[in-house]
Amino acid sequence: MRKFEYFAPQSLQEAIDLLRQRGDGGRPLAGGTDLVAQMREGTLKFPFPSYLVSLRRIPELKGIEFSEGEGLRIGAGVTMAELAASPIIRERFPIIADGAGLVGSIQTMNMATVGATCATLPPRRTQRRRSWPARPRRSSRGPQGDAPCPWRSSSWALVALSWPPLSC
Ligand SMILES: Cc1cc2nc3c(=O)[nH]c(=O)nc-3n(C[C@H](O)[C@H](O)[C@H](O)COP(=O)(O)OP(=O)(O)OC[C@H]3O[C@@H](n4cnc5c(N)ncnc54)[C@H](O)[C@@H]3O)c2cc1C
């Protein structure tokens with residue numbers, strides 16, 4: 001595999017600053033199950049990244065929250081294994097837990113993140129994920145702050161997916 005630089009920021013803003021300052025050629029890295037495999041195999045659909053910014057230690061991308069009043073929020077960095085094992089997801093949204101439990105092997109589920117499955121799709125296609133209860137709202141952060149995902153750009157990060165309370 002070709003050489004690349006690797007950064008492991010501790011906060012979301014630090015990650016965005018790195019992507020902005022170092023410019024085109026970089027890529028956010030979550031679990032790496034897709035990106036690293038494609039880098040190894042030479043099957044990337046974009047140029048080989050000159051640097052990777054790991055999102056794994058970023059607290060803002062963690063957590064699953066649910067309340068009747070606020071609805072559901074899943075951090076982009078939540079892994080498929082965390083989603084499949086979450087008591088609130090299993091109880092309230094079993095179709096999401098079941099879907100997460102079908103992503104590859106246990107090793108893949110321990111690494112693969114929720115955010116990465118959506119970050120590489122145009123927003124209108126996010127709703128086609130069969131295990132989502134409805135089209136999620138995508139929160140993201142880029143050089144201009146919190147803004148809708150410019151999904152073709154590499155200098156932003158998907159932060160969370162959320163669903164408002166169902167009104168039926
Ligand atoms: C054995 C195996 C089985 C698999 N089975 C399935 C399956 O059943 N269903 C399925 O959908 N997928 C499957 N996959 C594909 C892959 O694992 C998933 O799509 C997974 O969700 C990727 O997550 P990741 O965190 O590893 O992403 P990464 O490989 O880290 O990143 C993938 C892409 O998303 C971008 N990205 C990641 N996080 C963010 C973010 N927060 N903001 C902006 N960009 C971001 C990266 O820059 C990169 O371009 C499988 C893969 C393997 C190896």
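The values are calculated or read from the model by the stated rules, or taken from the named source; none is laboratory data. From a predicted model like this one, the values you see are computed outputs, not experimental measurements. Here Cβ is always computed from backbone atoms with ideal geometry, including for glycine, and neighbour counts include all displayed protein chains.
General observations
- Take the conditions (1) within 12 Å of the ligand (Cβ to nearest atom); (2) over 18 Å from the mean Cα position of the chain (by Cα); (3) in a strand (DSSP E or B); Ile74 misses just one of them, which is (2).
- Criterion violated by Leu44 - all others in (1) in a loop (DSSP other than H, G, I, E, B); (2) closer than 16 Å to Thr113 by Cα; (3) modelled with pLDDT under 95 satisfied: (2)
- A single entry from Glu70, Glu65 fulfils the requirement of being acidic (Asp, Glu) and at pLDDT 95 or above: Glu65.
- Cβ-Cβ distances below 7 Å connect the following pairs, each with a first residue in the stretch 33-48 that is in contact (Cβ under 8 Å) with a residue 12 or more places away in the chain, a second residue that is in a helix (DSSP H, G or I) and surrounded by 10 or more Cβ atoms within 10 Å (Cβ to Cβ), and a separation of six or more residues or different chains: Thr33/Thr108; Thr33/Met111; Asp34/Ala116; Phe48/Met39.
- Which listed residue, of Arg20, Arg2, is within 21 Å of Arg141 (Cα to Cα), modelled with pLDDT under 95 and of a type outside the set (Val, Ile, Thr): Arg20
- Note on the stretch 1-56: residues that are aromatic (Phe, Trp, Tyr) and near the ligand (Cβ under 10 Å from one of its atoms) total 1.
- Consider the stretch 57-71 and keep the residues that are of a type in the set (A, V, I, L, M) and either under 13 Å from Leu158 (Cα atoms) or within 12 Å of the ligand (Cβ to nearest atom) (or both). The one that is farthest from the chain's Cα centre (by Cα) is Ile58.
For every residue, the table says whether it meets (1) exposed (fewer than 14 other Cβ atoms within 10 Å of the Cβ); (2) modelled with pLDDT of 90 or more; (3) touching a helix residue (DSSP H, G or I) at 6+ places or on another chain (Cβ under 8 Å).
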{"position": "Ala81", "(1), (2), (3)": "no, yes, yes"}
{"position": "Ala100", "(1), (2), (3)": "no, yes, yes"}
{"position": "Leu121", "(1), (2), (3)": "no, no, no"}
{"position": "Ala134", "(1), (2), (3)": "yes, no, no"}
{"position": "Pro143", "(1), (2), (3)": "no, no, yes"}
{"position": "Arg152", "(1), (2), (3)": "yes, no, no"}
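- Scan the stretch 1-41 for residues that are in a loop (DSSP other than H, G, I, E, B), over 20 Å from Glu60 (Cα atoms) and of a type in the set (A, V, I, L, M, F, W, C) and the total you get is 2.
- Of all residues in the stretch 1-30, those that are of a type in the set (A, V, I, L, M, F, W, C) and touching a residue at least 60 places away in the same chain (Cβ under 8 Å) total 5.
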